[in-house]
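This report concerns only the one structure given below.
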Amino acid sequence: MGERWTNTALLVIDMQSDFIEEGSVMQVKGGKSIVPNVIRVVELARERGILVIWVVREHDPQGRDVELFRRHLYNSEKVGPTVKGTVGAELVNGLTIKERDYKIVKTRFSAFFGTNLHSFLQTSGVSNLVIAGVQTPNCIRQTVFDAVELDYPSVTVITDATAAATPEIHTANIQDMKNIGVKTPSLQEWSEELA
């Protein structure tokens, strides 16, 4: 069963406390509701032998590596979002990196920008990508568009294992990705494809 999926990787993007838990300045409003589906996507991927890649943000405490428009969130009075080693940078409860998984640390929207993701996927024989996480108009979308531009032949976004601040923003961005050839199944539809 696993051989069929050896050229596929699941990218789980930014499922960290500072993006999911209430009260964070970076909270994605729709993020909490998708946690059970993301957990299930990871379980299904592992059952099928699909490589799980955790894409996370881990920033410098002084914010020297964040986008210019976010630098005001990092100052000497409080710890900024997703600072390396803080609770906010940890994966949300229910999601755990396991021994055979891989972790990519990014400091920008795309999982490809300034990381070794593309070379790692190439050396691992991965040509098909499945994507889950937050947030649809930023990190999900930018990673997807970069994957398409890098000529990955199959890019799939699990629609109910990704989220944005509002359902309208999520739906509009899913449609944009669908318009460039990205597959957009629900978790149920994707799980049936795996069977």
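The values are calculated or read from the model by the stated rules, or taken from the named source; none is laboratory data. Note that the structure is predicted; figures quoted are calculated from it, not measured. Counting neighbours? That spans all protein chains shown, and the Cβs are built from the backbone with ideal geometry, glycine included. These area figures cover heavy atoms from the full protein model, side chains too; ligands, DNA and RNA do not enter into them. Shrake-Rupley method; radii C 1.70, N 1.55, O 1.52, S 1.80 Å.
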| On the given criteria, is VAL25 surrounded by 16 or more Cβ atoms within 10 Å (Cβ to Cβ), touching a residue at least 24 places away in the same chain (Cβ under 8 Å) and hydrophobic (A, V, I, L, M, F, W, C)? | no
| field | Residues that are under 19 Å from the mean Cα position of the chain (by Cα) and open to solvent by 90 Å² or more (accessible area, probe 1.4 Å), drawn from region 70-98 | value | LYS84, VAL87, GLU90, ASN93, LYS98
| request: State whether one or more residues within region 46-69 are open to solvent by 70 Å² or more (accessible area, probe 1.4 Å) and either in contact with a helix residue (DSSP H, G or I) (Cβ under 6 Å, 6 or more places away or on another chain) or assigned to a strand (DSSP E or B) (or both). | output: no
| Which residue pairs have Cβ atoms under 6 Å apart, sit 6 or more places apart or on different chains, and have a first residue in region 167-186 that is under 20 Å from LEU150 (Cα atoms) and of a type outside the set (A, V, I, L, M, F, W, C) and a second that is at pLDDT 95 or above and open to solvent by 90 Å² or more (accessible area, probe 1.4 Å)? | THR184/LYS178
| query | Out of all the residues in region 142-166, which are of a type outside the set (Gly, Ala, Ser), free of Cβ contacts under 8 Å to residues at least 40 places away in the same chain and under 17 Å from ILE53 (Cα atoms)? | reply | GLN142, VAL144, ASP146, TYR152, VAL155, THR156, VAL157
